[in-house]
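Working notes for the structure below.
The values are calculated or read from the model by the stated rules, or taken from the named source; none is laboratory data. Because the structure is predicted, anything quoted here is derived from the model rather than measured. Cβ sites come from the backbone with ideal geometry, for glycine too, and all protein chains shown count toward neighbours.
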Amino acid sequence: MKKAKGHHRLVTPSEPPNPDIEAGSASSASRRLFLQRMGLGALLAGLFGHVYAWVRSLFPNVLYEEPRRIKIGRPEDFAEGGTFLEERRLFIFRERNTFYAISATCTHLGCTVKMILLPQPKRVRIGEQTKEERYEFHCPCHGSKYYGDGTNYAGPAPRPLAWYKLEVAPEDGQLVVNLDESVGQDFRLTV
Ligand code: FES
């Protein structure tokens, strides 16, 4: 029997596309695209961070500090005795035409002390002096107590309350507290 000459060609019937394979390749393409975009996003974020740091380095850090010399009003605005300036955390004392300023900041951990009016004046010995007290300062946080001149006498406060210099502003006659200048307990401004 003779074999037919020539090439045999295997003809397979064309198969219909497999939807699973197509969906798989489509999802891997979209995953690739997603990863490319992620990479680009990270690159841009890094670049932006560098540019921001560079631009920021061109400007110095500016600290906005509160002024340390503060006008607090005219002498006649203050009543006789102690006046508490809450936002300044200061007590201003007036004895007729003399004035002085005592800080309300506790020297332990910085709470605001309260002025306590004594029911009757009492004599206390502070150092070498005997003084008559009509008020004291008590700290509500850990119980420190100060005499009327700011000297600490009970609780954990390590030192007296600060006294600050008072001046009169030449331009308008207001009292000025200088928080940069501490003064002794014998300081008095006479106006
Ligand atoms: S902060 Fe005043 S006693 Fe502690």
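Does region 87-106 hold any residues that are surrounded by fewer than 20 Cβ atoms within 10 Å (Cβ to Cβ) and under 26 Å from the mean Cα position of the chain (by Cα), and which are they? Within region 87-106, Glu87, Arg88, Arg89, Thr105 qualify. When Gly127, Gly110 are checked against the criterion of being assigned by TED's automatic domain parsing to the domain that holds Pro75, surrounded by fewer than 16 Cβ atoms within 10 Å (Cβ to Cβ) and either at pLDDT 95 or above or among the hydroxyl-bearing types (Ser, Thr, Tyr) (or both), a single residue qualifies: Gly110. Within the group Tyr153, Tyr164, which residue is modelled with pLDDT of 95 or more, over 29 Å from the mean Cα position of the chain (by Cα) and in a strand (DSSP E or B)? It is Tyr153. In region 107-149, the residue that is farthest from the chain's Cα centre (by Cα) out of those that are hydrophobic (A, V, I, L, M, F, W, C) and under 21 Å from Arg94 (Cβ atoms) is Leu118. For region 138-154, a tally of residues being more than 10 Å from the ligand (Cβ to nearest atom) and not hydroxyl-bearing (Ser, Thr, Tyr) returns 3. For region 165-172, state whether one or more residues are within 16 Å of the ligand (Cβ to nearest atom) and touching a Leu at 6+ places or on another chain (Cβ under 6 Å). No, the conditions are met nowhere in region 165-172.
Restricting Ile70, Ile102 to residues that are on the phi < 0 side of the Ramachandran plot and out of contact with any helix residue (DSSP H, G or I) (no Cβ under 8 Å at 6 or more places or on another chain) narrows the list to Ile102. Checking each residue in region 73-107 for being farther than 28 Å from Pro156 by Cβ and within 16 Å of the ligand (Cβ to nearest atom) picks out no residue at all. Checking each residue in region 113-124 for being surrounded by fewer than 11 Cβ atoms within 10 Å (Cβ to Cβ) and either of a type in the set (D, E, K, R) or in contact (Cβ under 8 Å) with a residue 40 or more places away in the chain (or both) picks out only Arg123. The test for being away from the ligand (no atom under 16 Å from the Cβ) and surrounded by fewer than 12 Cβ atoms within 10 Å (Cβ to Cβ) holds for Asp180.
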